[in-house]
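Quick notes on the structure that follows.
The values are calculated or read from the model by the stated rules, or taken from the named source; none is laboratory data. Every value quoted in this text rests on a predicted model; they were computed, and no experiment measured them. Cβ coordinates were reconstructed from backbone atoms using ideal geometry, including for glycine residues, and neighbour counts include every protein chain displayed. Each accessible area value is taken on the protein alone, full model and side chains, heavy atoms only, with ligands, DNA and RNA left out. Shrake-Rupley method; radii C 1.70, N 1.55, O 1.52, S 1.80 Å.
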2 protein chains.
Amino acid sequence: MKEMNSIQNNISDLLKLARKFNCFYLSGICQGTCKPFFVAGNQVGLIRPDVMKHIQRFPEVFNITGTYVELNPAFRDYKERTSKVADMLMKLRKEDEIIALKGWRDECFEVSLPFSSESLLEMDRSAFCLFGIRNYGVSVTGYLYHPTKGLCIWLQQRSFTKQTWPGSWDCFVSGGLAVGYGILETCIKEAAEEASVEGDLINKLLPAGCVSFYFESERGLFPNTEYVYDLELPLDFVPKNADGEVETFELLTAEECIQRALSPHFKTTSAPVLLDFLIRKGYINPENESNYRNLVELLHVPLQSIYSWPFTISNTFNGDNHGSCVDSN
Amino acid sequence: MKEMNSIQNNISDLLKLARKFNCFYLSGICQGTCKPFFVAGNQVGLIRPDVMKHIQRFPEVFNITGTYVELNPAFRDYKERTSKVADMLMKLRKEDEIIALKGWRDECFEVSLPFSSESLLEMDRSAFCLFGIRNYGVSVTGYLYHPTKGLCIWLQQRSFTKQTWPGSWDCFVSGGLAVGYGILETCIKEAAEEASVEGDLINKLLPAGCVSFYFESERGLFPNTEYVYDLELPLDFVPKNADGEVETFELLTAEECIQRALSPHFKTTSAPVLLDFLIRKGYINPENESNYRNLVELLHVPLQSIYSWPFTISNTFNGDNHGSCVDSN
């Protein structure tokens, strides 16, 4: 295989990258400095000390104990939880001290549970990372088999005016699952807005799984799941941005994509989608990547069980239950 | 989508199946009835009480404490560990009391570590499940797009004379990674032996990732990782078995495959490969399977970290570290 050697040189780099976008899963969690966050008796997140000092000022919104934080159980339903949390976030936003809230999006995500269609509340997507709430999105890999260059992938450079990762290189098309939008529906909407993919072309969109990882940055905690879709594009297709959120697009070979993903100019939380694609297409394979099976596992960490406590918050809290041994009944 | 309704009816069935082949990951582990098994200071497995009562009779081979079992640290190297364990297994096999050893294979697997190329010892594959040692194999999905039936997959029925799962329905081609064989090499060998796939056809074999799960049966513990390969076959190809290990082959539609996998006649530990294939090909997708993201995670459970203790066996042993928070340095 032509590209084998160049990947060989990146073996440890690819695993390092997978550990980077899982830095919280692999080490942050066990430091035990975050407090579990419960809503209506279910753990939906984790709260870091830097966020605790802000929410402590809202005892009417949060019930804070020595071991956990609970959204005021007096809030009766989705509507009331949503409005109380929105009011609190608005106050914090006005103070302009929290980095994450500087990136306010005016787009709400739902706080849901892994094994239920019921949602507990909604809040602006920029606030999810303050509470370590699971975040869902879609990512489309636009690719083609070039007659001379082989597998090639379209990457986008994010607009320099974006609230998050401005100017960073990213997947062809991606977007968060906002309240009221379906998964495929979000894909089609984003593909049209970000890259002008429409008509017959969009019908070639193929669902191919999802990636789950748990990243942490200065802004907060990111337990993210991305639904991944593949779109094989014609050789003559050139993406055109329609919503001003993209600086430019570039067609790269698979090897160039890996180098780009390993550079500081790539959005860390989009690397899992690229690696998953290159593994599914056989470009990264057991023969050229000795950490292959570990890499594949780190693209699908068990977020469904990371917030499952084997007891209710009224029980004794032993502070160490991650990974397996949950939802077993 | 034509097949959508029929899959809709199986939503809970597909998640039930994923929980079935992960029964030990989801519930067995936390019962805490198994003892960690260490070799040369590394945990490589877990030992159930039913196996403990047999190995307790070999104090010269196993150092057994209240909290763990250790292969005699006086054994100096791969060769010595291998021969001492082989002698012990031979004695147990003669007594003919252990079900797993009735399926003796005369084929050795290596006991290795997740982040090292070094192997600690080798033993007959039939004994791996007694110690809960990680097991690696390859699986090839032979498929085609039928002009009228759409996506179709070749399944094999295992020979009624096989030591494990005799007569059960299984993937097109699969095999364990035996000592001395590479991953792709094993694929090519098994495809030729089991289905007479040779020549130009075998060059179309595409690596597409791997599945990891942790199953338990009467025979023992199965923390398995399967490297998955796809092989698109011509419409007129008919597999012919060459090694007597296959009863018959059958070409099924994707929907028929799901029904077969849900039946008691399908090898439970091969279902992950089929589900992963149908997800990667978009047949099972977010629009027709509401447990989609949970299903995908249960096809890639974190076996790389399940045996990683944050301390050496000389330290205090607190008995509960699974899932995340490992190999973080």
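Structure notes:
- Other protein chain Cβ atoms within 10 Å, averaged over every residue that makes up A:275-282: 3
- Scattering profile of chain B at q = 0.15, 0.16 Å⁻¹ [log10 I(q)/I(0), Debye over alpha-carbon scatterers]: -1.27, -1.40
- Sequence-distant aspartates and glutamates (8 or more away, or on other chains) whose Cα lies within less than 19 Å of residue A:91: A:50, A:60, A:80, A:106, A:107, A:122, A:124
- Exposure of residue A:260 as accessible area (Å², to 10), given a probe of 1.4 Å and all protein chains: 50 Å²
- Over the stretch A:29-77, volume per residue of the alpha carbon convex hull, in Å³: 75 Å³
- Alpha-carbon centroid distance for the pair the stretch A:260-278 / the stretch B:178-250, whole angstrom: 31 Å
- Between the Cα long axis of helix A:271-280 and the first principal axis of chain A there is an angle of about 50°, rounded to the nearest 10.
- Between residue A:16 and residue A:161, full extension at 0.36 nm per residue minus the direct alpha carbon distance yields a gain of 49.3 nm.
- Inter-part distance, the stretch B:50-73 to the stretch A:43-113, computed on C-alpha centroids, equals 52 Å.
- 7 Å along Cα→Cβ, label-point gaps from residue B:244 to other copies, nm, shortest first: 7.5
- Within the stretch A:63-165, the percentage of alpha carbon pairs spaced more than 18 angstrom apart rounds to 62%.
- In this structure the amide hydrogen of residue A:133, modeled in the peptide plane, comes within under 5 Å of the amide hydrogens of A:46, none closer than 5 places in sequence on its chain.
- The phi torsions of the stretch A:18-25, fed into the Karplus equation with coefficients 6.51, -1.76 and 1.60 and a -60° offset, translate into couplings of 5, 6, 5, 7, 10, 4, 6, 4 Hz, rounded to whole numbers, with Gly and Pro shown as x.
- Globularity index of the protein assembly as shown, i.e. its alpha-carbon radius of gyration over 2.2 N^0.38 Å: 0.98
- Inter-copy separations for residue A:72, label at 7 Å along Cα-Cβ, nm, ascending: 6.9
- Too-long pairs where the Cα-Cα distance tops 32 Å, listed order kept, from B:53/B:267; A:281/B:102; B:94/B:240: A:281/B:102; B:94/B:240
- Helix content alone sets the calculated 222 nm mean residue ellipticity of the protein assembly as shown: runs of n ≥ 4 DSSP H residues at -39500 (n - 2.57) each, divided across all residues, give -7500 deg cm²/dmol.
- Computed log₁₀ I(q)/I(0) - Debye formula, equal Cα scatterers, no solvent, the stretch B:151-234, q 0.18, 0.22 Å⁻¹: -0.93, -1.32
- Here, P(r) means the percent of Cα pairs in each 5 Å bin from 0 to the largest distance; for the stretch A:234-297 it is 3, 14, 21, 24, 20, 9, 6, 3, 0.
- Extending 7 Å from the Cα toward the beta-carbon at both residue B:119 and residue A:90 defines two label points whose distance is 6.6 nm.
- Averaged over the residues of A:285-296, the number of partner chain Cβ atoms lying within 10 Å of the residue Cβ comes to 6.
- Each pair of Cα atoms in the stretch B:118-184 enters the Kirkwood radius, and Stokes-Einstein at 10 °C and 1.306 mPa s then converts it into a translational diffusion coefficient of 109 µm²/s.
- Residue B:168 accessible area, 1.4 Å probe, all protein chains in place, Å² to nearest 10: 10 Å²
- Restricting the calculation to Cα atoms, the stretch A:84-129 yields a radius of gyration followed by a Dmax of 11.7, 37 Å.
- At q = 0.13, 0.15, 0.17, 0.18 Å⁻¹, base-10 log of I(q)/I(0) for the stretch A:160-291 (Debye sum, equal scatterers on each alpha carbon): -0.59, -0.81, -1.07, -1.22
- Summary of packing: across the peptides A:62-75, B:269-282, the per-residue average of other C-beta atoms within 10 Å ranks them, highest first, as B:269-282, A:62-75.
- Counts of other chain beta carbons within 10 angstrom of each beta carbon in peptide A:224-233 average 2.
- In a reduced charge model with +1 at each Lys and Arg Cβ and -1 at each Asp and Glu Cβ, the protein assembly as shown shows a dipole moment near 1480 debye about its Cα centre.
- A crude spin-label estimate for the pair residue B:57 and residue B:185, with each label 7 Å from Cα along the Cβ direction, gives 3.8 nm.
- Where A meets B: accessible area buried, both sides, 1.4 Å probe, Å²: 4100 Å²
- Copy-to-copy label distances for residue A:164, where each label lies 7 Å from Cα along Cα-to-Cβ, are 4.2 nm in order of increasing length.
- Surface accessible to a 1.4 Å probe, residue A:229 within the full protein complex, Å²: 0 Å²
- Residues whose amide H lies under 5 Å from that of residue B:197, counting only those 5 or more places away or on a different chain, are B:192; hydrogens are built 1.01 Å from N in the peptide plane.
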